[in-house]
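The values are calculated or read from the model by the stated rules, or taken from the named source; none is laboratory data. This one's a predicted model, so the numbers in the text were calculated from it and none came from an experiment. Methodologically, a virtual Cβ is constructed for each residue, glycine included, from the backbone with ideal geometry; neighbour enumeration extends over all protein chains shown.
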Amino acid sequence: MARNEEKAQSMLNRFIALKAEEKKKPKERRPFLASECRDLAEADKWRQQIMREIGRKVAEIQNEGLGEHRLRDLNDEINKLIREKSHWERRIVELGGPNYAKHAPKMTDLEGNIVDVPNPSGRGPGYRYFGAAKKLPGVRELFEKPPELRKRRTRYDIYKRIDASYYGYRDEEDGVLARVEGPAEAKMRAEAEEEWRRVEEIRREARRGAKEVVSVGAAAREVLIRRGNLSCTCHCLMRRRLRGWLLKGRRWSF
């Protein structure tokens, strides 16, 4: 008896469900082209439906255990839905609605940094990777930043930074250089003065020696002159005597 009641109850439940299904409106299908929609509310409804589908697939693609092929298929489906969403957003703008694309979130890499992924065709957003698809072979390299090349500076850039400080004209403005070089300057000054005194002493000795040489030379010259005068006198006397002798001899011969 209880068995028959359970069967009747289940049949009644199915009957009630069928009646409720009949009362519902037929399930509407999303238009293939966004341009076919003429109502702003309908366009916004289809956009919301696409957003829910994208959310479900993005949640599913977070599972790394789905396998490479399933992850790639899910990523393709998400990108297809994103392109369709952009069509509906443009249609909403055409119908006078808000511009959802203006405030859309940007794509990020594995570290959360915003990445610009342009579309090669130049229309709409580029191809994006979500969840575990970012770690697939060949995809991780797309998110790695290339090494920054150090730009070689030109001659103009080098000379542009050169000013008076480069040549040391402002080294004494803060007083640090004077304090540091003070002891060394005093030492060098003392050494220079000592060297000057030594050279002056040598010069004085040289002058004194030169004066002595001059005085000795003058005395020697005077002595030589005297000797020369004496020898001249002797020669004159000898000549006179010889002349006298010669004259006497001639007289004797006559």
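Rundown of residues vs (1) among the β-branched types (Val, Ile, Thr); (2) touching a residue at least 24 places away in the same chain (Cβ under 8 Å); (3) in contact with a His (Cβ under 7 Å, 6 or more places away or on another chain), yes/no style:
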| site | (1), (2), (3) |
| --- | --- |
| Arg140 | no, yes, no |
| Arg153 | no, no, no |
| Tyr156 | no, no, no |
| Arg170 | no, no, no |
| Val180 | yes, no, no |
Report summary line: Checked segment 87-104 for anything closer than 15 Å to Glu36 by Cα and either in a helix (DSSP H, G or I) or in contact with a His (Cβ under 8 Å, 6 or more places away or on another chain) (or both); matches are His87, Trp88, Glu89, Arg90, Arg91, Ile92, Val93, Glu94
Query - segment 142-196: number of residues that are within 30 Å of Arg128 (Cβ to Cβ) and among the aliphatic types (A, V, I, L, M) - result: 2
Query - Subset of segment 106-117 that is in contact with a strand residue (DSSP E or B) (Cβ under 9 Å, 6 or more places away or on another chain) and surrounded by fewer than 14 Cβ atoms within 10 Å (Cβ to Cβ) - its residue that is modelled with the highest pLDDT - result: Lys106
**Report entry** Selected residue (only one of Asp73, Asp44 is in a helix (DSSP H, G or I) and either modelled with pLDDT under 90 or more than 47 Å from the chain's Cα centre (by Cα) (or both))
**Finding:** Asp44
Query - Selection within segment 36-93 - of a type in the set (Gly, Ala, Ser) and either exposed (fewer than 13 other Cβ atoms within 10 Å of the Cβ) or without any contact (Cβ under 8 Å) to a residue 12 or more places away in the chain (or both) - result: Ala41, Gly55, Ala59, Gly65, Gly67
Query raised in the report: Within segment 21-41, is there a residue that is at pLDDT 90 or above, out of contact with any Asp or Glu (no Cβ under 8 Å at 6 or more places or on another chain) and farther than 17 Å from Tyr129 by Cβ?
Result: no
